[in-house]
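Accompanying notes for the structure given below.
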Amino acid sequence: MSSWRLRILFFIALLAAWEALFRLRLWPSYVFPSMSSVGASLVAGVADGSYPLAITISLRRILVGYGLSLVIGIPLGLLLGRVKSVQDTLGSIVLGLQALPSICWLPLALLWFGLSEKAIMFVVVMGAVLSVTLSTADGVHNTPPLYLRAARTMGARGLQLYTGVILPAALPAILSGMKLGWSFAWRSLMAGELLYVSLGLGQLLTMGRELNDMSQVIAVMLVIIAIGLLADRAVFAPVERRVRERWGLQPAR
Amino acid sequence: MKLELRSVSKTFQTRRGNTPALQDITLDVAAGEFVCLLGPSGCGKSTLLNIVAGLEKPDTGEVRMNAQPVTEPGRDRVLIFQEAALFPWLNVRDNVAFGLAAVGVPRSERMAKADRYLQIVRLGSFKKAFVHELSGGMKQRVALARALALEPEVLLMDEPFAALDAQTRDSLHDELQDIWAQTGKTILFVTHNVREALVLGDRVLLMSARPGRIKREFHCELPRPRHIEDHALVDATRAVLADLREEVLAAAQAEVEHERLSS
């Protein structure tokens, strides 16, 4: 049996089990809603425009925040990977800060920026930027010395070594850092929106809880999962696969 | 054109103390000459090429190219490595054009030159291929084309065929002799393979190990193109091998000695 068919069968069985459990009526519906009520909640949320609005707002935040962390993280990583004194100083801070879950920046961000978009953006950036920086630094650091010697013997120097050799050689590592950074950014954003309510998917989730509306809670969770998966499968995975194939890190399919 | 090495010495600092890599190497290479540096592994022959390429600096002594001291890499001397060191993110043609881009040759000219040198190494139909699609021998030919495209006066080749299978290596020997005859390049070729040195070189310099010194010089005047199985070549090989064997033994001895002293 193909793995796709197996997967589809598995999900059908899972949904059937859900419906069967619901019909046993072991728990009240605000604890364990039916599949159909979650579906209805999804449809209603899309129809009244509240889901599209929340999705738009959350996506805008993550795109800006994630974009910022790439703009900061990649150059910082290039520096960390190439300049020993930066590695020795800034490098230890970056490593240390990675031990701090990004949502722990929220209180600080609220005090600095107040209840504003900036605060939540700050948390998103702090969530993503470190992994982008570290992966970039790693990729730069692991540039095969032979590539650099080859480029130098052909007369490349200075900036040409960066743009012509180091950056492309580090691209697979940068991409996996970008992928990791995206998922951290997404988590940070959701955590931030949950704690500090102001539109977005996280707020819909909080609202569901406050209204005792478990169907909405699950429906929004499904939306959050779907967006996360979509970014990974539709954007990162194909790009990463193509790059790894071309770089000879993985056999072509 | 003339490449001159004057009393070049180099010592590496390692954890176990100083390892002399090269001692007092003096050598002249004339324009168009094919010189092979032959020696056991660890005799510093790669270091010598790196110094000529300008990738490393000698501790004492000097390298001069056309009477100018060599202090940094330059496109008049291009080094080819044991591994092809092609860039996997570029296709074959862009790889060959890489060095030209680095020195600012305009794109159309770059592509034309890349195509011409890919023809010379008989890979004209592979210009759109990517590196991971090539065999080891093809990669080395691309590396050769990439170096030739810069139109250097001197090709420095650091055991470029050592990782290839015997058949591929033999055919590359033919090609390299062809290219050398066509282009009149000066070639300084490092190898630990006696027969390879005699197939390729006008002059074969036998190096001793640790510290690397030029111990003997052989002139090989056998007619070209030479092949690894030619009778005359096999005979010549025998004489050189006897000398080299002495060196290998001495190197092993030195290693044991070094070990004993440092423990």
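Compute the convex hull volume of the Cα atoms of the stretch A:1-108, divide it by the residue count, and report the result per residue in Å³ as a whole number.
234
Between A:Ala151, A:Ser176, A:Phe10, whose Cα lies farthest towards the positive end of the dipole of chain A when Lys and Arg beta carbons carry +1 and Asp and Glu beta carbons carry -1, centred on the Cα centre?
A:Ala151
Tell me which residues come under 5 Å, amide H to amide H, from B:Phe12 once H is placed; ignore anything under 5 positions away on its chain.
For B:Phe12, the qualifying residues are B:Thr19, B:Ala21.
Sum up the charges of everything whose Cβ sits under 12 Å from the Cβ of A:Ile57, counting Lys and Arg as +1 and Asp and Glu as -1, but leave A:Ile57 out.
Neighbourhood net charge equals 0.
With N denoting the number of residues in the stretch A:131-230, provide Rg(C-alpha) divided by 2.2 N^0.38 Å, to two decimal places.
On the way: Rg = 21.5 Å, N = 100, 2.2 N^0.38 = 12.7 Å.
Taking N as the residue count of the stretch A:131-230, the ratio is 1.70.
Which one of A:Ala109, A:Ala47, A:Ala128 has the biggest mean-square fluctuation once chain A is modelled by GNM with Cα springs under 10 Å?
Its mean-square fluctuation being the largest, the pick is A:Ala47.
Can you run the Rg to Rh ratio on the stretch B:1-131? Use alpha carbon positions and the Kirkwood inverse-distance Rh.
Details: Rg = 17.8 Å, Rh = 17.0 Å.
Here Rg/Rh amounts to 1.04.
For chain B, modelled as a Gaussian network with Cα springs under 10 Å, which listed residue fluctuates most, B:Ser208, B:Ser41, B:Ser125?
Evaluated over chain B, the most mobile residue of the options is B:Ser125.
Which value at 222 nm does the protein assembly as shown reach when only helices count, each DSSP H run of 4 or more adding -39,500 (n - 2.57), with the total divided by all residues and rounded to the nearest 500 deg cm²/dmol? Mind dumping the intermediate values first?
Values: 18 runs with 295 residues, N = 516.
For the protein assembly as shown, the value works out to -19000 deg cm²/dmol.
So what are the ³J(HN,Hα) numbers for the stretch B:183-197, from phi and the Karplus equation (6.51, -1.76, 1.60; θ = phi - 60°), rounded to whole Hz, Gly and Pro as x?
Computed from phi, the couplings for the stretch B:183-197 are 9, x, 5, 8, 10, 10, 10, 9, 7, 10, 9, 4, 5, 4, 4 Hz.
For the stretch B:56-149, what is the largest minus smallest coordinate of the Cα atoms on each principal axis, given in angstrom and ordered from greatest to least?
46, 29, 23
Give the average, rounded to an integer, of partner chain Cβ atoms located within 10 angstrom of each Cβ in A:143-153.
Details: counts 0, 2, 1, 5, 4, 2, 8, 15, 6, 7, 19.
Whole-number average of other-chain Cβ neighbours for A:143-153 is 6.
Going by amide H atoms built from the backbone, whose H comes under 5 Å of the H on B:Met157, apart from near neighbours?
For B:Met157, the qualifying residues are B:Ile80, B:Leu188, B:Phe189, B:Val190.
Tell me, what HN-Hα J-couplings in whole Hz come from the Karplus equation 6.51 cos²θ - 1.76 cosθ + 1.60 at θ = phi - 60° for each residue of the stretch A:125-136, using x for Gly and Pro?
4, 4, x, 9, 5, 5, 6, 5, 4, 5, 5, 4
If each residue's Cβ is checked for other Cβ atoms within 10 Å, how do B:Glu153, B:Glu221, B:Glu109, A:Glu117 rank with the fewest at the top?
Values: B:Glu153 19, B:Glu221 8, B:Glu109 11, A:Glu117 15.
Exposure proxy ranking, most exposed first: B:Glu221, B:Glu109, A:Glu117, B:Glu153.
Determine the dipole magnitude for the protein assembly as shown: charges of +1 sit on the beta-carbon of Lys and Arg, -1 on that of Asp and Glu, nothing else is charged, the reference point is the Cα centre, and the result goes in debye to the nearest 20.
Details: 55 positive and 47 negative charges, 234 e Å.
Taking the Cα centre of the protein assembly as shown as origin, the dipole is about 1120 debye.
Taking neighbour Cβ counts within 10 Å as the exposure measure, how do B:Lys215, B:Lys45 sort from fewest upward? Spell out each step's value before the answer.
Details: B:Lys215 18, B:Lys45 28.
Final ranking by Cβ density, sparse to dense: B:Lys215, B:Lys45.
Going by Cα centres, the stretch A:122-162 and the stretch B:150-188 are how many Å apart?
When both Cα centres are located, 33 Å separates them.
How would you rank A:Ser69, B:Ser108, A:Ser58, B:Ser46, going from fewest to most other Cβ atoms within 10 Å of each one's own Cβ? Please report the intermediate quantities before stating the final value.
Working: A:Ser69 27, B:Ser108 8, A:Ser58 24, B:Ser46 21.
If I rank by nearby Cβ atoms, fewest first, I get B:Ser108, B:Ser46, A:Ser58, A:Ser69.
Mind checking the mean number of beta-carbon atoms from other chains within 10 Å of the Cβ atoms in B:99-105? Walk me through the numbers on the way to the answer.
Working: counts 6, 2, 5, 10, 5, 2, 0.
Per-residue shielding by partner chains comes out at 4.
Work from the charge dipole of the protein assembly as shown (Cβ charges, +1 for Lys and Arg, -1 for Asp and Glu, about the Cα centre) and give the residue of A:Leu53, B:Val103, B:Phe189 farthest towards its positive end.
Ranked along the dipole, the leading option is A:Leu53.
Give me Rg/Rg_expected for chain A, where Rg uses Cα atoms only and Rg_expected = 2.2 N^0.38 Å with N residues. Could you put the intermediate results ahead of the total?
Numbers: Rg = 22.5 Å, N = 253, 2.2 N^0.38 = 18.0 Å.
Normalised Cα radius of gyration, chain A: 1.25.
State the three equivalent ellipsoid semi-axes of the stretch B:184-248, derived from the C-alpha gyration tensor as the square roots of 5 times its eigenvalues, in descending order and whole Å.
On the way: eigenvalues 79, 45, 15 Å².
Rounded to whole Å, the semi-axes are 20, 15, 9.
Enumerate the amide H contacts of B:Arg216 below 5 Å, restricted to partners 5 or more residues apart or on another chain; note that Pro and chain-start residues carry no placed amide H.
Distant-sequence amide H within range of B:Arg216: B:Leu206.
In whole Hz, with x marking every Gly and Pro, tabulate ³J(HN,Hα) for the stretch B:127-140 from phi via Karplus 6.51 cos²θ - 1.76 cosθ + 1.60, θ = phi - 60°.
Karplus values, whole Hz, x for Gly and Pro: 5, 8, 6, 9, 4, 5, 8, 9, 7, x, x, 5, 4, 5.
Quick one: Debye curve from the C-alpha atoms of chain B, no solvent, what's log10 I(q)/I(0) at q = 0.08, 0.11 Å⁻¹?
Log-scaled intensity ratios, in q order: -0.33, -0.63.
With springs only between Cα atoms under 10 Å apart, run a GNM on chain A and tell me which of A:Val43, A:Val123, A:Val217 wobbles the most.
A:Val43
Just the C-alpha atoms of the protein assembly as shown: what Rg/Rh do they give, with Rh taken as the Kirkwood radius?
Details: Rg = 31.8 Å, Rh = 27.7 Å.
That ratio equals 1.15.
Which three semi-axes in whole Å describe the equivalent ellipsoid of the stretch A:97-149, each the square root of 5 times a Cα gyration tensor eigenvalue, listed largest first? All intermediate terms of the calculation are to be shown ahead of the outcome.
Working: eigenvalues 232, 20, 7 Å².
Result for the stretch A:97-149: semi-axes of 34, 10, 6 Å.
All of the numbers you see were taken from the coordinates with simple rules; none came from a lab. Remember, it's a predicted structure, so these values are computed and weren't measured experimentally. We place every Cβ from the backbone using ideal geometry, glycine too, and count neighbours over all the protein chains shown.
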